[in-house]
Amino acid sequence: MPARFYSTLLWSLLLFGLVALGLYATFAAVHYSWNWSAAWEYRSQFAWGWLTTLVISTGAMVISVLLGFALMLGRRSPWEPVRLFSSGTVEIVRGSPLLVQLLLGYYIVATALHVQSPLVVGTLLLGLFEAAYLAEIFRGAVESIGASQWEAARAVGFNKVQTYRYVIIPQAVRRALPGTTGELVSLIKSSSLLSVIGIEELVQKVRIMNSSSYTALEGYLPLAVAYLIVTLPLSWWARRLERRFAYET
């Protein structure tokens, strides 16, 4: 692995150690009584909730990227009904809270369609919610490409599909990566709201553990670490992609 990776890892561990030391000093000052043995008894439930969060987040990420790209193309479609449908979907989803969408989507729409799996419904709704935001990020990245690029593609005989494939998308990907990464990280954290439709993901498992063992921080500190284990590699991978797609202007 390159030296940059080890340097980043070293600084990350150092920062984590300093934060942990600061937290320890703070809790020592207020004389907080730790009870890790009670939390340790629920380690299997914690692990199961973490895996549930990973499965939901991974599925929702795939759905949000694919659907977001489709909505972006729909908003740029030459057919007005497609543009209106795509724009309306984006504005309605972005203009309403995720909690409301989960409640309406599961207890009304899914019930009417006889879909009984909260895991499937929650993954789809979470993916749709983030897709509306990704659609705008993708659209902004595509529209930031200069008109000269489109003209050059037409000059060499590219059709619209080839223009997107070989000219526009490779340039737009790098511009969309920072915003896309932020939304995917937000998606992982937003999965905690799925407990309202009966999904016992990571946060809900911690709440159950805390109420059963009469603990507080013993559950929430591992919860923060568990989310960081997922989000930090995602951010690191996105930075790698940014360097890979770097180009000279």
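Only the coordinates and a few stated rules stand behind these numbers; no lab work does. Only a predicted model underlies this, so the values are computations on that prediction, with no experimental measurement involved. Note that each Cβ is placed from the backbone with ideal geometry, even for glycine, and that neighbours are counted across all protein chains shown.
Could you list all residues from the range 151-182 that are among the β-branched types (V, I, T) and under 30 Å from L232 (Cα atoms)? I'd like the intermediate steps shown before the answer.
First pass over the range 151-182, keeping only residues among the β-branched types (V, I, T): 156, 161, 163, 167-169, 173, 180-181.
I168, I169, V173, T180, T181 - these are the residues of the range 151-182 that are among the β-branched types (V, I, T) and under 30 Å from L232 (Cα atoms).
If you take the residues in the range 82-102 that are without any contact (Cβ under 8 Å) to a residue 40 or more places away in the chain and touching a Leu at 6+ places or on another chain (Cβ under 8 Å), which one is nearest to L194 (Cα to Cα)? Among them, the one singled out is Q101.
For the range 110-228, which fully contained helices (runs of 4 or more DSSP H) count at least 2 residues that are surrounded by fewer than 20 Cβ atoms within 10 Å (Cβ to Cβ) and within 25 Å of the chain's Cα centre (by Cα)?
Working: elements: 118-143, 147-155, 160-163, 169-190, 202-213.
Counting at least 2 such residues, we get 118-143, 169-190, 202-213.
Go through the range 87-99 and give me each residue that's assigned to a helix (DSSP H, G or I) and more than 13 Å from L128 (Cβ to Cβ). S87, G88, E91, L99, listed by residue number.
R94 meets all of the listed conditions (1) under 16 Å from E183 (Cβ atoms); (2) crowded, with 21+ Cβ neighbours inside 10 Å but one, namely (2).
Per the listing V100, V55, the residue uniquely surrounded by 12 or more Cβ atoms within 10 Å (Cβ to Cβ) and of a type in the set (A, V, I, L, M, F, W, C) is V55. In this structure, does R244 turn out to be within 23 Å of I137 (Cα to Cα) and loosely packed, with under 13 Cβ neighbours inside 10 Å? So R244 passes the test. The residue that is surrounded by the fewest Cβ atoms within 10 Å (Cβ to Cβ), among those in the range 17-45 that are touching a helix residue (DSSP H, G or I) at 6+ places or on another chain (Cβ under 6 Å) and assigned to a helix (DSSP H, G or I), is W36.
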